[in-house]
Amino acid sequence: QVQFVESGGGLVQPGGSLRLSCAASGIIFNIYTMAWYRQAPGKQRELVASISSIDSTNYTGSVKGRFTISRDNAKNTVYLQMNSLKPEDTAVYYCKAQRAGLNYWGKGTLVTVSS
């Protein structure tokens, strides 16, 4: 059974930082591409960042230079370091494992950026 434990969300002021973590079990973690998505109220879920099994990364334009995705295969964990947060970053953040048409989703963690 595939399971994810997401953590690190919360309330932060504009300009602040948060680090999200997603610990996976039930998959061979190091062969999966891992990704973070987010869904703001009233909007569609969107890709934020991804990291492949060979550590190739990809970011959506609005977070480039502010967010960093990384992975620790020894801990089966993917991270999202978020700096210079803006109110428009407010959303539920989800991690996803993907490979060969298989997609596994976490339950999400809420990030609220507000003064």
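Under 8 Å between Cβ atoms, at least 6 apart or on separate chains: pull out the pairs that start in the range 71-90 with a residue that is farther than 14 Å from V111 by Cβ and in contact (Cβ under 8 Å) with a residue 24 or more places away in the chain and end on any residue that is open to solvent by 60 Å² or more (accessible area, probe 1.4 Å) and part of a helix (DSSP H, G or I).
N73/N30
K43 versus (1) surrounded by 12 or more Cβ atoms within 10 Å (Cβ to Cβ); (2) free of Cβ contacts under 8 Å to residues at least 60 places away in the same chain: which is the lone unmet condition?
Of the numbered conditions (1) surrounded by 12 or more Cβ atoms within 10 Å (Cβ to Cβ); (2) free of Cβ contacts under 8 Å to residues at least 60 places away in the same chain, the odd one out for K43 is (1).
Restrict the check to the range 87-107 and report whether at least one residue is of a type in the set (A, V, I, L, M, F, W, C), open to solvent by 20 Å² or more (accessible area, probe 1.4 Å) and on the phi > 0 side of the Ramachandran plot.
yes
Inspect the range 57-71 for any residue being surrounded by fewer than 17 Cβ atoms within 10 Å (Cβ to Cβ), more than 12 Å from the chain's Cα centre (by Cα) and closer than 20 Å to F4 by Cα and give the result as yes or no.
No - not one qualifying residue is present in the range 57-71.
If I54 satisfies all but one of (1) over 12 Å from the mean Cα position of the chain (by Cα); (2) open to solvent by less than 30 Å² (accessible area, probe 1.4 Å); (3) β-branched (V, I, T); (4) modelled with pLDDT of 95 or more, what's the number of the condition it fails?
Of the numbered conditions (1) over 12 Å from the mean Cα position of the chain (by Cα); (2) open to solvent by less than 30 Å² (accessible area, probe 1.4 Å); (3) β-branched (V, I, T); (4) modelled with pLDDT of 95 or more, the odd one out for I54 is (2).
How many residues are open to solvent by 60 Å² or more (accessible area, probe 1.4 Å) and part of a loop (DSSP other than H, G, I, E, B) when one looks only at the range 1-24?
4
The values are calculated or read from the model by the stated rules, or taken from the named source; none is laboratory data. This one's a predicted model, so the numbers in the text were calculated from it and none came from an experiment. Positions of Cβ are backbone-derived with ideal geometry, glycine not excepted, and every protein chain shown enters the neighbour counts. All accessible areas refer to the heavy atoms of the entire protein, side chains included, with ligands and DNA or RNA removed. Shrake-Rupley method; radii C 1.70, N 1.55, O 1.52, S 1.80 Å.
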